[in-house]
1. Can you compute the FRET efficiency between Asn106 and Ser270 using 1/(1 + (r/R0)^6), with r the Cβ-Cβ distance and R0 = 30 Å? Round to the nearest 0.05.
2. Largest first, please: the extent of the C-alpha atoms of the range 193-345 along each principal axis, to the nearest Å.
3. For Arg326, what residues show an amide H to amide H distance below 5 Å, using hydrogens built from the backbone and excluding near sequence neighbours?
4. Would you kindly derive the ³J(HN,Hα) couplings of the range 198-214 from the backbone phi angles with the Karplus curve 6.51 cos²θ - 1.76 cosθ + 1.60 (θ = phi - 60°), listing them in order in whole Hz, with x for Gly and Pro?
5. Could you run the Karplus curve 6.51 cos²θ - 1.76 cosθ + 1.60 with θ = phi - 60° over the range 149-156 and give me ³J(HN,Hα) per residue in whole Hz, x for Gly and Pro?
6. Of the options Val247, Met231, Ser263, report the single residue whose Cα projects farthest towards the positive end of the charge dipole of the range 225-264 (beta-carbon charges: Lys, Arg +1; Asp, Glu -1).
7. Please work out whether the range 124-186 counts as rounded, prolate or oblate from its C-alpha gyration tensor, where a ≥ b ≥ c are the square roots of the eigenvalues and a/c under 1.5 means rounded, while otherwise a/b larger than b/c means prolate and anything else oblate?
8. Only counting other Cβ atoms within 10 Å, I'd like Ile320, Ile19 sorted with the fewest neighbours first.
Amino acid sequence: MAENFKKSYRFAYLSSLYITLLLTLVLSVFLYFQSALNAISIMVFLPVSYAVCFFIIQYRVEKFIYRRVRKIYDDIEMLEMDPVGDSPVTTDMRTLIKEVEKFAKNRKKEIETLKIREDYRKEFMGNVSHELKTPLFTVQGYLLTLLDGAMKDKKILKKYLERANKGVERLIYIVKDLDMITKLEVGDLNLNYTNFDIVELIQSVFDLYEMKAAKKKIILTFDMHYQEPIMVHADKERIQQVLSNLVVNSIKYGKEDGTTEVSIEDLVKSKVIVRVTDNGEGIAQSHIPRLFERFYRVDKSGSRKEGGSGLGLAIVKHIIEAHHERIYVESDYRVGSEFSFTLEKVKKFPVVDLGTETV
């Protein structure tokens, strides 16, 4: 118990001891000159006593902070603070308290962020497992059926092999998308910038998915007739992929006899904004913040029958951001959705007339 007392109160009893000894010495000097003691001596004794107490306590606190509190600073790595040795140590502990509180808040935020990332990782791994499991089990089912004897029937053999092949194609599609989005996220995908006509590219995407849209009686159209080309500076192949994903999504989730409309507008002097609008089922506002996450699906059940890897919008977002552009989404549930993204316009240089001058 004596040892605990010594550790707990060492600072207090040593400081008290030093003050007592010094004040006793000072008082002895005053008593030695007792005959001369008067009001002036008392007035001198008070500030001297105050000064002695101040310097003893300050010295003790500085020593205490230097040896113990500085270790706290080093341990928690207060990088934004000045080193303790570069500034005088005072008895005011408010600065330390504020810094410790700031440190605690930052660490709390880091822990919360790690928890969110861990939850996201678990969800992502579950989604990947589910997306791969479905076609794998489908292929396995067809192959096992054939091995059990169905392969002797040539009609069944051909039909099941074709279905198994579709399952393999879906697996390849998912793996390719995963590979692409990984490259986009780590910045390992090089963009091949060229100047091209965005109107012509959109029309080619329309032509590509015209039959798919016709099955649902959906019209693919521009908002107006663009008589002149609109030249943009970007990776043509990747922007075609963006447009294809957005148009296919509008067809998937569009209503029959609906419309998918694309418009191109000047945003600022050096930018255009491309809008892909449909009058389909729309998206509830609660889903929009997570719409561009990998494997996130608005309709957890029905959307899987539409196919796809679940990575389309995530890839779209990464491609646009790789161009240092922005993508936006606006939607009204059961009314329709609009996805829009910006692109850099090709700078137009003034045409100089070099015609010959007549004399």
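A short reminder: the numbers here are calculations on the coordinates, not readings from a lab. Note that the structure is a prediction, hence the values are computed from the model and not measured. Methodologically, a virtual Cβ is constructed for each residue, glycine included, from the backbone with ideal geometry; neighbour enumeration extends over all protein chains shown.
1. 0.15
2. Cα spread of the range 193-345 along its principal axes, largest to smallest: 42, 30, 24 Å.
3. Amide H neighbours of Arg326, under 5 Å, 5+ apart: Thr342.
4. Once θ is set to phi - 60°, the couplings for the range 198-214 become 5, 5, 5, 5, 4, 4, 5, 5, 4, 4, 5, 10, 4, 5, 4, 5, 5 Hz.
5. The phi angles translate into x, 5, 5, 6, 8, 4, 5, 5 Hz.
6. Most positive-ward Cα: Val247.
7. prolate
8. So the residues, fewest neighbours to most, are Ile19, Ile320.
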